[in-house]
Amino acid sequence: MNRKKELGEALEAARQVLRATDSALNILGKANKWSFFDILGGEGLSSLMKRNHIRSANRSINDLKYDIDRLKKELGDINIDLPGEISDSLSDNMFDIFFDNIFTDLRVRSEIRSKINELVEFRDMIESLIQRLEREI
């Protein structure tokens, strides 16, 4: 296979990772908005909505692993670290929904914002990789 074709395949894989990262960021943004309402005293509904978006974001982040594996395969042996998931255990849900309080809401919001920052840094890294691949092609 020629180098240009290999680089094109790697570029498409990187673009897919970028799209998947944007999707996860979008969902986390929604979780962040609901966490704000929850802090303001949104009661159970805002906690449920926030937790729903956290679960969706975790699935998106988990799905990113497949796209990253494809990208790694296309690029050869590279090291890309994926941001972790937001804690979404049964106890997290119990405290957040049934024992709804400002301290839990603030902790969860901090986790969401931290994950958004990690994904933004990850996205920047992938964008940089895409630019390098485009220059090489």
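The values are calculated or read from the model by the stated rules, or taken from the named source; none is laboratory data. All of these numbers come straight from a predicted model, not from anything done at the bench. When we count neighbours, we look across all protein chains shown, and the Cβ atoms used for this are built from the backbone with ideal geometry, even at glycine.
Residue by residue through the stretch 19-34, note down the ones that are closer than 19 Å to VAL120 by Cα and in contact (Cβ under 8 Å) with a residue 12 or more places away in the chain.
The answer is ALA20, THR21, ASP22, SER23, ALA24, LEU25, ILE27, LEU28, GLY29, LYS30, ALA31, ASN32.
Filter the stretch 81-137 down to residues that are charged (D, E, K, R), modelled with pLDDT of 90 or more and under 26 Å from LEU45 (Cβ atoms), then give me how many there are.
Looking only at that region, the number is 1.
List the residue pairs whose Cβ atoms are under 6 Å apart, where the first residue sits in the stretch 51-69 and is exposed (fewer than 13 other Cβ atoms within 10 Å of the Cβ), the second is part of a helix (DSSP H, G or I), and the two are 6 or more positions apart or on different chains.
none
Residues to consider are LEU11, LEU25, LEU48; find the one that is at pLDDT 85 or above and under 19 Å from GLU118 (Cβ atoms).
LEU25
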